[in-house]
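Engineer: Right, I'll just put the structure down here and ask away after.
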């Protein structure tokens, strides 16, 4: 697991990192897209090793703090919301429907973890929720 984190960290540090949001309207259906450096698929387990829930956690690399910092997270409610590798190995995409808006998050890298600790809650000690950079502009809150 530590090796995965080191690889993801090295990959994130080796490229110039920029995150962006793009919103488009397609045939009365809107789509908004955000970019992050890393998406984590976390399986939260109980004391007996049974899965309690799955969540995706979206991170950006902080060059200043030299670590990944959470931007947002969401529970996985359906298998269609799991991260999927994009065509030609161009990263990973997480997609879900939010009323009439399709939300997509594109990540350069992905990791999958199984834990009894919630990585998003742990990251709050590094970067409090109110200091996180949101995925969507304030008018597009989830």
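The values are calculated or read from the model by the stated rules, or taken from the named source; none is laboratory data. What you see is a predicted model, and the numbers here were worked out from it, not measured in a lab. Virtual Cβ from ideal backbone geometry, glycine too; neighbours counted across all protein chains shown.
Engineer: Answer yes or no: is there a residue in the range 33-48 that is at positive phi, within 15 Å of the chain's Cα centre (by Cα) and surrounded by 11 or more Cβ atoms within 10 Å (Cβ to Cβ). Before the answer, list the steps.
Structural biologist: Of the residues in the range 33-48, the ones at positive phi are none.
No, the conditions are met nowhere in the range 33-48.
Engineer: Quick one: in the range 77-102, of everything that is closer than 16 Å to residue 55 by Cα and in contact (Cβ under 8 Å) with a residue 24 or more places away in the chain, which residue is surrounded by the fewest Cβ atoms within 10 Å (Cβ to Cβ)?
Structural biologist: Per the criteria, the residue is 82.
Engineer: What do you reckon, is residue 73 closer than 19 Å to residue 45 by Cα and in contact with a helix residue (DSSP H, G or I) (Cβ under 7 Å, 6 or more places away or on another chain)? Walk me through it before giving the result.
Structural biologist: Numbers: closer than 19 Å to residue 45 by Cα: yes; in contact with a helix residue (DSSP H, G or I) (Cβ under 7 Å, 6 or more places away or on another chain): yes.
The answer is yes for residue 73.
Engineer: Something else about it: What number goes with the only condition from (1) loosely packed, with under 15 Cβ neighbours inside 10 Å; (2) touching a strand residue (DSSP E or B) at 6+ places or on another chain (Cβ under 9 Å); (3) over 15 Å from residue 56 (Cα atoms) that residue 136 does not pass?
Structural biologist: Result: residue 136 passes all but (1).
Engineer: Looking only at the range 95-142, count every residue that is modelled with pLDDT of 90 or more and not in a loop (DSSP other than H, G, I, E, B) and tell me the total.
Structural biologist: 26
Engineer: In this structure, does residue 127 turn out to be under 24 Å from residue 44 (Cβ atoms) and within 12 Å of the chain's Cα centre (by Cα)? So that I can check it myself, show each step before the final result.
Structural biologist: Working: under 24 Å from residue 44 (Cβ atoms): yes; within 12 Å of the chain's Cα centre (by Cα): no.
It is false that residue 127 is under 24 Å from residue 44 (Cβ atoms) and within 12 Å of the chain's Cα centre (by Cα).
Engineer: Strands (runs of 3 or more DSSP E) wholly in the range 17-94 with at least 3 residues that are at pLDDT 90 or above and closer than 26 Å to residue 137 by Cβ - which ones?
Structural biologist: Values: elements: 21-26, 29-45, 51-62, 67-75.
Once the strands (runs of 3 or more DSSP E) in the range 17-94 are filtered for at least 3 residues that are at pLDDT 90 or above and closer than 26 Å to residue 137 by Cβ, what remains is 29-45, 51-62, 67-75.
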